[in-house]
1. Report, ordered by chain and residue number, the aspartates and glutamates lying within cross-link reach of residue 269, taken as a straight Cα distance under 17 Å and ignoring same-chain residues fewer than 8 apart.
2. Would you grab the residues whose amide H sits under 5 Å from the one on residue 237? Only those 5+ places off in sequence or on another chain, please, with H modelled 1.01 Å from N.
3. List, in the order given, every pair from 37/215; 153/189; 40/187; 222/270; 68/188 whose Cα-Cα distance in the structure shown is over 30 Å.
4. List the residues whose amide H sits under 5 Å from the amide H of residue 99, counting only those 5 or more places along or on another chain, with H placed 1.01 Å from N in the peptide plane.
5. Under the 0.36 nm per residue contour assumption, what length would be gained going from the current alpha-carbon distance of residue 86 and residue 214 to full extension?
6. Based on Cβ point charges of +1 for Lys and Arg and -1 for Asp and Glu, what charge dipole magnitude is obtained for the range 106-254 about its Cα centre, in debye rounded to the nearest 20?
7. Hey, can you grab everything whose amide H is under 5 Å from the amide H of residue 93? Only 5+ residues off in sequence or another chain; H modelled, so Pro and N-termini drop out.
8. Can you give the net charge of the other residues whose Cβ lies under 15 Å from the Cβ of residue 27, counting K and R as +1 and D and E as -1?
Amino acid sequence: ALTQLIAQEDSPTQLSFHKSSCMMPLMNLISIENLSKTLKDAPLFEAVSLGINLHDRIGLIGNNGTGKTTFLRLLTGDLESDTGTLARNRELKISILEQNPVFADGSTIQDALYAGTSANIQLLNEYRACLDSYQHHGSSGAELAALTEKMDKNHGWEIENTYQSLLTELDITEFTQKIDALSGGMKKKAALARSLASQPNLLILDEPTNHLDIKTIEWLEKFIISSRLGCIVVTHDRYFLDSTCTKIFEIDRQKIFTYDGSYTTFLEKKEQRIAEEQAGQNKIEAVLRVELEWLKRGPKARAGKDRGRKQRIQDLMDNR
């Protein structure tokens, strides 16, 4: 009964998915103002302000331990910030491809879809459970009608077909196979198809190229570029970053620096930023040398001088 209700698409899934994504108006998905977060008494971020828009393809980079995972958990709402605001658009739909996807023991490839955590997949599960209750237990149709309306609004009927079509594109055609019997690469493909099938407008990819073959990585690169979804990529694969991302968020020294452009452009701009910072640091140190020499002259030499000079010296030292 469920499959009879699912809308059938004449065009290939990927093209249909891209078409619907391109029709989305440009909008702000997440807005962050003055956000700070401390974990285990160690500040990870301080006074961070930035925005994430539909169509942004962002590479999130930083050394291990700087807070990339924490930042993603703040975006998804799994963590709350200590200070500042993080506003999510009411139309925001996040889907995550985990670095190491976990599947229930004994589940099939088709079952893997329903174990997804995105809002649209959870809605699909609610609808399936309600439909089953209505058919076998004669429960009220009011809840079923309400869920049907939500499914219409959120294109929920497309999810199962889209999932299977994506699997086929990724060379998985036996949907009743047990997940346990699959290789790491095939499991990653199933998780990838699940994350894309839920029709997100913000896709988070955590080390997406791990376990994937070159053909699939190239497929994913083309998909990301043509889909025009909002996307955040965390990966050590610098070639993947360079080919897919149009913006870089770098976590460094409790700040998040933003750079427009590819990973190559980021490297060039970061080199320029470091040079400018070093020039500023050299200037501060030159001023400090002069000021410290002044202090060494003793109280008589300082008589009548600016009373705020000591404080300015201290401020310079604090900013080194």
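1. Residue 269 reaches 242, 250, 252, 260, 277.
2. When sequence neighbours closer than 5 places are left aside, there are no close amide H contacts.
3. Violating the 30 Å Cα-Cα cut-off are 37/215; 40/187.
4. 206
5. 42.4 nm
6. Taking the Cα centre of the range 106-254 as origin, the dipole is about 180 debye.
7. The list, which skips near neighbours in sequence, is 201, 202.
8. Net charge in that neighbourhood comes out at +2.
The values are calculated or read from the model by the stated rules, or taken from the named source; none is laboratory data. Being a predicted model, the structure only gives us computed values, none of them experimental. When we count neighbours, we look across all protein chains shown, and the Cβ atoms used for this are built from the backbone with ideal geometry, even at glycine. Side chains are part of the model used for accessible areas, which takes the heavy atoms of the whole protein and leaves out ligands, DNA and RNA. Shrake-Rupley method; radii C 1.70, N 1.55, O 1.52, S 1.80 Å.
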